[in-house]
1. Please go through segment 117-162 and give me each residue that is among the β-branched types (Val, Ile, Thr) and either in contact with a Ser or Thr (Cβ under 9 Å, 6 or more places away or on another chain) or under 23 Å from HIS64 (Cβ atoms) (or both), ordered by number.
2. Please verify whether segment 165-174 includes one or more residues that are assigned by TED's automatic domain parsing to the domain that holds HIS116, within 22 Å of GLN17 (Cα to Cα), out of contact with any Pro (no Cβ under 6 Å at 6 or more places or on another chain) and not hydrophobic (A, V, I, L, M, F, W, C).
3. Assess whether GLY216 counts as being touching an Asp or Glu at 6+ places or on another chain (Cβ under 9 Å) and either crowded, with 22+ Cβ neighbours inside 10 Å or at pLDDT below 95 (or both).
4. Do you know which residues across segment 54-89 are part of a helix (DSSP H, G or I), in contact with a strand residue (DSSP E or B) (Cβ under 7 Å, 6 or more places away or on another chain) and either basic (Lys, Arg) or closer than 24 Å to MET179 by Cα (or both)?
5. Go through segment 181-211 and count every residue that is under 16 Å from the mean Cα position of the chain (by Cα) and among the aromatic types (Phe, Trp, Tyr).
6. Mind listing whichever residues of segment 86-103 are surrounded by fewer than 16 Cβ atoms within 10 Å (Cβ to Cβ) and either touching a Phe, Trp or Tyr at 6+ places or on another chain (Cβ under 8 Å) or among the hydroxyl-bearing types (Ser, Thr, Tyr) (or both)?
7. List the number of the failed condition for LEU230; all other conditions in (1) among the hydrophobic types (A, V, I, L, M, F, W, C); (2) at pLDDT 95 or above; (3) within 20 Å of ASN21 (Cβ to Cβ) hold.
8. Keeping to segment 27-44, report how many residues are more than 23 Å from the chain's Cα centre (by Cα) and part of a loop (DSSP other than H, G, I, E, B).
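The values are calculated or read from the model by the stated rules, or taken from the named source; none is laboratory data. Computed from a predicted model, the values in this text were never measured in an experiment. Glycine gets a Cβ as well: all are built from the backbone with ideal geometry, and neighbour counts include every protein chain shown.
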Amino acid sequence: MNRFGLIGYPLGHSFSQQYFNNKFKTENLKDCFFELFSIENIASFPELLSTYNDLKGLAVTIPHKQTIINFLTSIDEAASEIGAVNCIKISSKKIIGFNTDVIGFEKSIKTILKPHQKKALILGTGGGSKAVQFVFKKLGIEFLLVSRTKNNQHIQYQEINEMICAEYHIIVNATPVGMAPQIDICPDIPFQFLNEKHLLFDLIYNPAETLFLKKGKEAGAQTKNGHEMLITQAEANWKIWNQ
């Protein structure tokens, strides 16, 4: 048995198990199986490894993309620079971390960027945000981080005004706010200052249209969810697990 899985907490929102098990069925990979490992405290990760000694690879989601690093044998260069891991390859007692969020996000956003969209607001500062920052640096897109807390490295939500919205035409939600089952909430930004020049990208894929995207669309903005990003990074994970 080749066991794969996803670790994070909570995991009720995840499509990964269905995606990979459907893939295994379609490709007739009868010895492969994917399951969810709901881990609230990352300190229980070693216990998971000892319990399932047939694990070949794991996907990692919130809130463990950063804390998982302490339990790994090594991480690749991109994951090291980003400071977050969302893919783990397990082989010969080595546990190696990678970041495929960057692959998924870059592919998903590059094809829809318009020439005037050269500055971005990134909502959130966690693991997903770090992958977005990495991609924007690569693409030469200037960005500003937005958080609920005061910090000299980012601004707070209440500081987003009409002038900032007129300058920053890309807004990425890299927080879990609006993810199922809490679909009736969204990041607190002034949607009234958005227009057709803006692109709103939500890393969330469940629901397909978050309240964040819905309000952006109503203001005339271009919108995209995290579904293509999810599929792309999942396939990148599969490639890494089978190297």
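1. To start, the set of residues in segment 117-162 that are among the β-branched types (Val, Ile, Thr) comprises 122, 125, 132, 135, 141, 146, 149, 155, 160.
ILE122, THR125, VAL132, VAL135, VAL146, THR149, ILE155 - these are the residues of segment 117-162 that are among the β-branched types (Val, Ile, Thr) and either in contact with a Ser or Thr (Cβ under 9 Å, 6 or more places away or on another chain) or under 23 Å from HIS64 (Cβ atoms) (or both).
2. no
3. On the way: touching an Asp or Glu at 6+ places or on another chain (Cβ under 9 Å): yes; either crowded, with 22+ Cβ neighbours inside 10 Å or at pLDDT below 95 (or both): yes.
Yes; evaluated as a whole, the condition is true for this residue.
4. Selection gives ILE68 alone.
5. Final tally of qualifying residues: 2.
6. Across segment 86-103, the qualifying residues are SER91, SER92.
7. Tallying (1) among the hydrophobic types (A, V, I, L, M, F, W, C); (2) at pLDDT 95 or above; (3) within 20 Å of ASN21 (Cβ to Cβ), LEU230 fails exactly one: (2).
8. 5
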